[in-house]
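Here is the structure we will look at, set down as structure tokens.
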Amino acid sequence: MLKSHPKALTQCEPPSLDWSRPGTPAATDFDDIYFSVDGGTEETRTVFLGGCGLPDGWAGKMLYTIGELGFGSGLNFLTTWQMWEQASPHICAKTARLHFISIEKHPFSAAQLEQALNAWPELSDYAAQLISAWPERVKGFHRLHFGRVTLTLIHDDIANALEALDAQVDAWFLDGFSPKKNPHMWSTNIMTKLASLSADGARLATFTVAGSVRQALSEAGFQTEKKTGFGRKRHRLEARFIPAHKPAKPQRSKPSLIPTIIGTGIGGASLARAFMRRGIKPRIVSRGNKHAASGNAAALVKPRFDLQDRPESRFYLASYLYALQAYGKTDAILSHGVTQFPKTENEFTRFVKLAAQAALPLTHFHLNNDILSLPQSLTVSPQKLIAAFTQKLEITTETISHLDEIDGPVFAAMGYGIKSIFNSGLPKLRFSRGQISWAKAADNIKTPMSYGGYVIPFDNKCLIGATHDAVCGDAPYVVKPEDDRRNFEAFSNIMRYDLTPDLSEPSRASIRVTTPDTLPMILTPKPNQYILTGLGSRGFVFAPLLAEAIVSHWLGEPLPIEKKVWARFGPR
Ligand SMILES: Cc1cc2nc3c(=O)[nH]c(=O)nc-3n(C[C@H](O)[C@H](O)[C@H](O)COP(=O)(O)OP(=O)(O)OC[C@H]3O[C@@H](n4cnc5c(N)ncnc54)[C@H](O)[C@@H]3O)c2cc1C
Ligand SMILES: C[S@@+](CC[C@H](N)C(=O)[O-])C[C@H]1O[C@@H](n2cnc3c(N)ncnc32)[C@H](O)[C@@H]1O
């Protein structure tokens, strides 16, 4: 059988916008408009929110999930968010959450969003928050948090996106362009996928009552009803998912048991943050970060790039964007911007291909002569970051020798400590010792540079790292002078000049945990036990989104990553 050739990872195709029509942007390639010229927000409130019985349907719910087909200008999302802010304090518990999932094949740019949303001054605060977190046209899943409202954007074609989604949806907003102009979004195949993602009794609303749409919905198990339409449209449609032959889906509820996190590295701290944002206060136990991989004075947060469009390549970019959002709100940022030098001719050729494919927008990454410039990459202080993510939480200093010692649900991110908790059955992991060294400040090093190794200027000196060696012997944390020499040599070999060692700062060794395929790993040895491991050399990039995925999974919330990626990483 012929193997299918993987596609190049690029950004989504842009929309073809026409701004000349009064009251709404239009898409020239679909010859249709984004929202009603009789009043966009009113249309949203009548057709979609009212059509799904909202806000009343939120009453008493701890978790409510809306799925939208066609994010467009985000007007439906912002109007929903506004209604949630106004209504939920009166009808929902304080910790209730709204998940809004939206699929879009041709995402607007931030500037286009701004232009479209300027027409709605009453939504300007919401729009500003959306625009500042906007992932541009980067492909795949993007999770954005706005207080108790969580937006999961899926930048992809509708069919792929629904296939990749793991969620239980309470209400659907069907807002593709009209079925005549955009039939792909209204097919029986799509409606069947919606049914498979629907909670029992899920509501559905749309502006069209086209016979083909009603037929497709009813074949998929939705009971439809025509209602009086909005503006110049005579009718609109409401529907309910009443499955004929489906077993009832498990009820979602917030587990009442208090979770325990093991570890205060970036993995444990990110888990704590994911719980805290949901109003769940976890317990934390740790033996401290003296030897933790997360215990260096600085860490780089820069993207891992892949030329091919694979689910994990999209995850690399999404986790990077998510980490930038998460860290941007802390006081842990030491500097912005990293330059990456090619180690070899081949690597330079790869840089050229990456720049041509531009999976991230130019604001994130471009080639400058033969050097990759990553203007938004960060240097962070791990210590400050971990303190910010675990503030207000009590941390017990303790060494855990087995997960079963802990009562209740346990979430472990133990770095190298994973080795001692498995008597047998330790998954295939590699342990790689890394040493960092210190150099005196150098005039020509103003921003962090990466070249296989890396050098980070801060506090009037430079951190230089790091070695990669298999762990051997029983004193892996003891510093080796020859490793300092290797760090300096690695720098000089690429940069063609020498740095001066700064002996006033001690070098430090710690251990990375890596899987054979270099992907992160999520283990679930028993129900209610999760282990986050295999963060390799990119823990500060991967941990926040993986922690969000683990906590979402435990709570039965929509996953923030593709089903296939979740299946590849875990739970095993
Ligand atoms: C030299 C070096 C440089 C690096 N530079 C970068 C970088 O610039 N950017 C980047 O993204 N990544 C970098 N990494 C990788 C990154 O540091 C790791 O991926 C990340 O720190 C792993 O985080 P973690 O929380 O899984 O583990 P760790 O940070 O190792 O934390 C493990 C935690 O678990 C606790 N623990 C372990 N066992 C037990 C037990 N039995 N009982 C109780 N508590 C326990 C420990 O006390 C600790 O708090 C680097 C790694 C190394 C070694
Ligand atoms: C009517 S507009 C949506 C308006 C939007 N809900 C809003 O609030 O502005 C329809 C959207 O569907 C998107 N779309 C069209 N075909 C698609 C497909 N195959 N997959 C995903 N989205 C698609 C369009 O790009 C467009 O943004």
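The values are calculated or read from the model by the stated rules, or taken from the named source; none is laboratory data. Computed from a prediction, not measured in an experiment: that's the story for all the values here. Neighbour counts run over all protein chains shown; Cβ positions are idealised from the backbone, glycine included.
Do we find a residue being outside the structural domain of residue 541 (by TED's automatic domain parsing), away from ligand 2 (no atom under 16 Å from the Cβ), in contact with a helix residue (DSSP H, G or I) (Cβ under 8 Å, 6 or more places away or on another chain) and free of Cβ contacts under 8 Å to residues at least 24 places away in the same chain anywhere in region 343-361? Checking region 343-361: not a single residue is outside the structural domain of residue 541 (by TED's automatic domain parsing), away from ligand 2 (no atom under 16 Å from the Cβ), in contact with a helix residue (DSSP H, G or I) (Cβ under 8 Å, 6 or more places away or on another chain) and free of Cβ contacts under 8 Å to residues at least 24 places away in the same chain.
Just checking, does region 46-53 include any residue being farther than 21 Å from residue 180 by Cα, in contact with a Cys (Cβ under 6 Å, 6 or more places away or on another chain) and of a type outside the set (A, V, I, L, M)? Among the residues of region 46-53, not one is farther than 21 Å from residue 180 by Cα, in contact with a Cys (Cβ under 6 Å, 6 or more places away or on another chain) and of a type outside the set (A, V, I, L, M), which makes the answer no. Only one of the numbered conditions (1) touching a residue at least 12 places away in the same chain (Cβ under 8 Å); (2) out of contact with any Lys or Arg (no Cβ under 9 Å at 6 or more places or on another chain) is violated by residue 280, and that is (2).
So is residue 518 on the phi < 0 side of the Ramachandran plot and among the hydroxyl-bearing types (Ser, Thr, Tyr) or not? For residue 518, the condition - on the phi < 0 side of the Ramachandran plot and among the hydroxyl-bearing types (Ser, Thr, Tyr) - is not met. Only one entry in 324, 257, 237, 271 is over 30 Å from residue 60 (Cβ atoms) and either touching a Lys or Arg at 6+ places or on another chain (Cβ under 6 Å) or among the aliphatic types (A, V, I, L, M) (or both), namely 324. Residue check: is residue 136 away from ligand 1 (no atom under 16 Å from the Cβ) and on the phi > 0 side of the Ramachandran plot? Here the answer is yes, as residue 136 does meet what is asked. Quick check, is residue 437 surrounded by fewer than 17 Cβ atoms within 10 Å (Cβ to Cβ) and either within 14 Å of ligand 1 (Cβ to nearest atom) or modelled with pLDDT under 95 (or both)? So residue 437 does not fit the description; no. Residues in region 12-71 that are among the acidic types (Asp, Glu), over 28 Å from the mean Cα position of the chain (by Cα) and buried (at least 22 other Cβ atoms within 10 Å of the Cβ): 43 only. Evaluating residue 367 against the criteria (1) crowded, with 21+ Cβ neighbours inside 10 Å; (2) over 23 Å from residue 534 (Cα atoms); (3) aliphatic (A, V, I, L, M) leaves one unmet condition, (1).
Could you list, in sequence order, the residues of region 507-565 that are of a type in the set (A, V, I, L, M, F, W, C), over 18 Å from the mean Cα position of the chain (by Cα) and within 9 Å of ligand 1 (Cβ to nearest atom)? Residues satisfying the conditions are 509, 511, 513. Going residue by residue through region 308-318, is there one that turns out to be part of a loop (DSSP other than H, G, I, E, B), away from ligand 2 (no atom under 16 Å from the Cβ) and among the aliphatic types (A, V, I, L, M)? No, region 308-318 contains no residue that is part of a loop (DSSP other than H, G, I, E, B), away from ligand 2 (no atom under 16 Å from the Cβ) and among the aliphatic types (A, V, I, L, M). Could you say whether any residue in region 1-17 is more than 30 Å from residue 356 (Cα to Cα), at pLDDT below 95 and outside the structural domain of residue 171 (by TED's automatic domain parsing)? Yes - at least one qualifying residue is present in region 1-17.
Restricting region 69-99 to residues that are near ligand 2 (Cβ under 8 Å from one of its atoms) and assigned to a loop (DSSP other than H, G, I, E, B) leaves a set whose member that is nearest to residue 44 (Cα to Cα) is 74.
Just wondering, is there one or more residues in region 40-49 that are within 12 Å of ligand 2 (Cβ to nearest atom), under 21 Å from residue 122 (Cβ atoms) and not in a helix (DSSP H, G or I)? Within region 40-49, not a single residue is within 12 Å of ligand 2 (Cβ to nearest atom), under 21 Å from residue 122 (Cβ atoms) and not in a helix (DSSP H, G or I).
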